[in-house]
Every structure is written in structure tokens, then in C-alpha cells.
Amino acid sequence: MFEPNFEQEYRGELERMGPTQTQLREVIRQVEQEGRNGKRSGKSVRRVGRTALVAAVVCALVTVAGAAGIALSQSRVHFFDNEKDLLEAANAAGVNGYTTYLGGDYDPNSLAQENLRIWNDYAGGDLVEERQGAEDDGWTDMRAFSLRNRQDPLRAELYRADKLSDLNGLWTTPGWDVSWLEEHYEAIPGTCLYQTETDLEEDALVYRSFIGGYERADGASFTVECSWFGHYEMEDEYFLGEGVNYTTRDGVTVAISMVTTESGQRQFWADLSSGHMSWSMHGAGLTLEEIQEVADHMGLAALCQPA
């Protein structure tokens with residue numbers, strides 16, 4: 001089972017911070033298969049769906065409730081409004097690629113459709129286990145698949161639930177707090193899923209992900225996701241487009257980018273990366289202030305690795 005390399009003192013501070021910051025639950029959703037095993041290079045495209053920003057480890061001194069002065073390892077996203085300036089900065093930093101937006105409208109139903117597809121056929125693997133959750137499990141059902149990544153034998157496990165808080169029992173490390181989120185937004189049916197991949201030869205977890213979709217009565221909707229990649233560490237992100245870096249009330253920096261599609265939909269991404277961890281929101285219909293409000297209430301500092 002994955003256990004990040006927290007300093008013992010840092011772990012103790014997190015445990016003393018209380019449930020709003022530390023609920024021992026973890027985390028998060030699938031970025032595309034090709035992104036798991038290596039660092040990407042060349043120009044890349046931010047797609048509609050579950051693409052997460054790639055980012056690098058940069059030290060940020062943050063103030064966490066009850067744990068002032070803890071240095072966290074955090075990523076950074078650099079925003080540019082023209083390609084010339086972006087390429088100059090990226091080349092100076094030794095970075096070969098960048099991301100930009102290219103795609104259509106955000107569809108709140110697409111996540112449920114994709115979850116159903118991988119539930120029925122996870123990367124072409126063989127279904128080896130299937131069971132229902134008990135009343136005190138929270139999750140409703142699970143499936144396990146046997147598959148290979150190149151030559152490595154893997155076991156993938158998927159757990160479904162009605163809302164993200166029902167997956168809380170599967171966290172083994174400090175994780176996000178979704179209580180405020182679920183007081184203000186409704187979970188979209190079929191979107192809340194937890195996944196893991198374990199390397200059977202090494203008996204080591206190499207990937208884990210929590211993801212869920214949420215909506216509001218006025219039609220605003222988004223996907224929220226947190227993933228951990230054992231063989232993939234985040235790099236600096238150079239983004240061609242509109243964006244801001246926002247400091248949350250618990251002291252971490254979330255990169256927020258927004259675009260207006262051809263149909264007039266106002267679409268957004270909010271991203272945070274730390275070491276092997278990536279957290280993101282992607283959706284439409286929220287103002288910048290509302291995106292910041294969600295980020296403020298998720299206890300994101302608890303997700304970050306210590307520097």
C-alpha cells in the first residue's frame with residue numbers, strides 16, 4: 001500500500017490538525033495512459049477531459065492550520081499570452097514542451113461514460129475479482145483486473161461510490177476534505193471512482209486515483225481529481241493561455257486557467273502538483289471566485305509532500 005515519505009514530525013503535525021485538514025483518506029483519477037511512464041516532451045495539447053497539468057518540484061513555504069512554517073514541495077505553472085515569450089522562457093529553463101487549450105465544450109456526462117467504459121474493460125485486462133461493498137464500506141462495488149504494462153504484471157482495482165466522501169475509507173494517507181464541496185454541490189451519478197494499479201513483481205503500488213463529478217442546480221459542473229504516479233514526477237508547466245496563480249487559505253498555490261469556447265462556454269482548469277501527486281478541477285460555469293472558494297475548502301496542503 002502506498003505510503004508517502006513524510007517526515008515523522010510533519011506527520012504528527014497533520015494528525016493534530018483535525019479532520020478538516022487531515023481526514024485520512026486518499027486520492028484520485030486517471031490521467032491518460034501514455035502519461036504514466038515518463039516525462040512528456042514536445043508541444044502538447046490540453047484536452048477536454050481529465051488531462052492534468054504537468055509541473056515541477058518547487059519549494060514553497062506555506063502556513064497550514066496548526067503547522068505554521070512547514071516547507072512543502074510544490075509545483076509551479078508559468079502562464080504566457082504569446083508563443084514567442086513562452087518558448088524563450090521554456091528554452092532558458094531547458095523545457096522542451098508546453099500545453100495549450102484545444103477542444104470543445106466541457107461535457108459533465110463524459111466522465112460517467114468513461115468510467116463505465118473502463119469499469120467494463122480496464123486497459124484490455126482480464127477481470128479476476130468482483131464484489132459488492134458492505135454497508136460500512138462506503139463504496140458500492142469493486143472490480144479487479146489482471147493486465148501487463150509492457151512486461152510488468154499489474155493488478156488494477158476499481159471502486160465505485162455514490163459520492164467522493166463514500167470513498168474516504170480507502171485513504172491511507174492525509175487527503176482532501178470534501179465535506180464543504182458536498183454541502184454546496186451534488187455528485188453526478190456514475191462519476192465517483194477510486195483506482196489503483198499495483199506492480200505484482202515488486203509488490204508496490206504504482207498508481208492511485210480518486211475522481212468525481214459535481215454540479216449545481218444552475219448547470220455549473222466540474223470534475224475534481226487527485227492522482228499519484230509512482231513512476232512519474234511532475235515537471236514545470238509552461239501554458240499558452242490565460243491564467244492566474246492563486247494562493248489558497250492554507251497556503252498552497254493553485255494554477256487556474258480559463259478559456260471561452262466557440263460556443264461561448266466559459267471553461268476552466270485548476271491544478272496543483274507536488275512531487276508525484278497531481279490535483280485538478282476541470283469544468284464550466286464557475287466564476288474565478290467560486291473556483292478559488294472550492295480550492296480554499298479542500299485542505300490541499302495536506303496533499304503536498306514536504307520539501
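Laboratory data are not the source of any read-out in this text; all were calculated from the coordinates shown. A quick note: this is a predicted structure, and the numbers were derived from the prediction, not measured. Every residue, glycine as well, gets a Cβ built from its backbone with ideal geometry; the counts of neighbours run over all protein chains shown.
The table below lists the values:
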{"read-out": "Compactness of segment 68-138 as Cα Rg over 2.2 N^0.38 Å, two decimals", "value": "1.92"}
{"read-out": "Simple spin-label estimate for Arg148 and Glu130 in nanometres, 7 Å along Cα-Cβ", "value": "2.5"}
{"read-out": "Under Karplus coefficients 6.51, -1.76 and 1.60, residue-wise ³J(HN,Hα) of segment 161-177 in Hz, glycine/proline x", "value": "8, 6, 8, 4, 4, 6, 9, 4, x, 8, 6, 10, 9, x, x, 6, 10"}
{"read-out": "Kirkwood Rh, angstrom, segment 151-201 [1 / mean 1/r, Cα pairs]", "value": "12.7"}
{"read-out": "Sequence-distant residues sharing a close amide H with Gly285 (under 5 Å, placed H)", "value": "Arg266"}
{"read-out": "Segment 67-190: projected area of the alpha-carbon convex hull, averaged over directions, in nm²", "value": "13.3"}
{"read-out": "Neighbour-count ranking [beta-carbon atoms within 10 angstrom, fewest first] of Met142, Met281, Met298", "value": "Met142, Met281, Met298"}
{"read-out": "Largest-first principal axis extents of the Cα set of segment 164-249 (Å)", "value": "49, 36, 25"}
{"read-out": "Whole-Å distance, taken between Cα centres, linking segment 98-172 and segment 228-263", "value": "24"}
{"read-out": "Neighbour-limited loop hits for GluC sites (Glu not before Pro), segment 209-307 (at most 10 other Cβ within 10 Å; DSSP other than H, G, I, E, B)", "value": "Glu262"}
{"read-out": "Rg(Cα) / (2.2 N^0.38 Å) computed for segment 220-307, rounded to two decimals", "value": "1.10"}
{"read-out": "Global form of segment 195-242, assessed from the alpha-carbon gyration tensor, a/c cut-off 1.5", "value": "oblate"}
